[in-house]
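Just below is one structure, and these are the notes that go with it.
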Amino acid sequence: MRPLLHIPDGFLAPQVALGLWVATAVVIGIALRRIGQRGPAAASQTILMGLSGAFIFAAQMFNFPVAAGTSGHLLGGVLAGFLLGPWAGSVVMATVIGIQALLFQDGGLLALGANIFNMGVIGTLGGTLVARGIAATLGNARRATLIGVGVAAWLSVMAAAGFTTLQLGLSGTTDISIGLPAMLGTHALIGLGEALISVSAISFIAVSAPEIFAKSVPAAPTSPRRRIAAGLLIAGTTVGLASLFASTSPDGLEKVATDLGFINTSQAAPFELFASYSVPGFSGAAGTALAGVIGALVVLLLIVFLNRLASARKSS
């Protein structure tokens, strides 16, 4: 069984979870309005958003070991925000986290607002501002950009862990004075993996597709079909590697919940589709890989749909 990545139902009090649903809905509503106001680059940006979402979904399936009995995974908020802009990045992250909860029962439905807020709002909006601020302060050279992305990626993991602990404390699930050191200590190591993956991805993109970072649309951009094919190949390869080599040790939150004794407060999902990233009738790595491919494609298609919906609302 694969480790679960996000807050399950039962960890948060209903009033805390519902409050975060409202806050998240407001921010994502603003984000959708902002991406609907884009100009000539809208079509190219839509493709890039879809491929980024597919890759982040695939990369989040890859749990890497960080300590004895603990694993971590990519959040991707800073990567998405720096690559796409903070508003488009937030929409991508909300889509990824939403699909993980709805299709794969990873993260509770009531807790979905909290999961999106912690990783897709705080990590993306705040992380992007930090990354760009550091890069601008250091001169906006490539090295400055990578330093900014790395530092912001690490901080985004720590911020998500801190906000999660605060929400658990407000819910009466754990004592903040006990939970905060445990969560931050575990996620400080996970943040190093986040920084390494984010910096590596930005470095690869800067070399292979420098026009993505251009402030204006290039005169002869890469063919959309070639970009889609390359993006799906990268996402598919990542899914395959995750199904074969990802760690099965508990994720950071799951490990802390077990150590502090509140893991049994988690509630099972009211339904199951592809629970634990598996497909009925398929077992082992094949089932995980197929689930990953399904998830990545659904994320890509949903992001394209949301972009068209946002553009249609602008036109009307």
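The values are calculated or read from the model by the stated rules, or taken from the named source; none is laboratory data. All of these numbers come straight from a predicted model, not from anything done at the bench. Please note: Cβ atoms are built from the backbone with ideal geometry, for glycine as well, and neighbour counts cover all protein chains shown.
Only a single item in (1) closer than 19 Å to residue 113 by Cβ; (2) among the hydrophobic types (A, V, I, L, M, F, W, C); (3) crowded, with 22+ Cβ neighbours inside 10 Å is not met by residue 166, and it is number (3). Across region 290-316, the number of residues qualifying as touching a Gly at 6+ places or on another chain (Cβ under 7 Å) and modelled with pLDDT under 85 comes to 4. Scanning region 115-128 for residues that are more than 9 Å from residue 160 (Cα to Cα) and surrounded by fewer than 24 Cβ atoms within 10 Å (Cβ to Cβ) yields 125, 126.
Return the only residue of 177, 156 being of a type in the set (Ser, Thr, Tyr), part of a helix (DSSP H, G or I) and surrounded by fewer than 20 Cβ atoms within 10 Å (Cβ to Cβ). Break it down stepwise before answering.
Numbers: 156 fails: surrounded by fewer than 20 Cβ atoms within 10 Å (Cβ to Cβ).
The unique qualifying residue is 177.
Hey, any hits in region 130-142 for a residue that's hydrophobic (A, V, I, L, M, F, W, C), assigned to a helix (DSSP H, G or I) and touching a residue at least 60 places away in the same chain (Cβ under 8 Å)? Working first, answer last.
Of region 130-142, the ones hydrophobic (A, V, I, L, M, F, W, C) are 130-131, 134-136, 138, 141.
Next cut, assigned to a helix (DSSP H, G or I) only: 130-131, 134-136.
Imposing the further condition that a residue be touching a residue at least 60 places away in the same chain (Cβ under 8 Å) reduces the set to none.
For region 130-142, residues hydrophobic (A, V, I, L, M, F, W, C), assigned to a helix (DSSP H, G or I) and touching a residue at least 60 places away in the same chain (Cβ under 8 Å): absent.
A residue that is within 18 Å of the chain's Cα centre (by Cα), modelled with pLDDT of 85 or more and within 21 Å of residue 173 (Cβ to Cβ) occurs nowhere in region 37-59.
Is there a residue in region 162-172 that is part of a helix (DSSP H, G or I), among the aliphatic types (A, V, I, L, M) and closer than 16 Å to residue 77 by Cβ? Explain how you work it out, then say what you get.
Of the residues in region 162-172, the ones part of a helix (DSSP H, G or I) are 162-170.
Now narrow it down to the ones that are among the aliphatic types (A, V, I, L, M): 166, 168, 170.
Cutting the leftovers down to closer than 16 Å to residue 77 by Cβ gives us none.
Scanning region 162-172, I find no residue that is part of a helix (DSSP H, G or I), among the aliphatic types (A, V, I, L, M) and closer than 16 Å to residue 77 by Cβ, so the answer is no.
Would a scan of region 257-276 turn up a residue that is assigned to a loop (DSSP other than H, G, I, E, B), crowded, with 18+ Cβ neighbours inside 10 Å and in contact with a Ser or Thr (Cβ under 6 Å, 6 or more places away or on another chain)? Within region 257-276, one or more residues are assigned to a loop (DSSP other than H, G, I, E, B), crowded, with 18+ Cβ neighbours inside 10 Å and in contact with a Ser or Thr (Cβ under 6 Å, 6 or more places away or on another chain).
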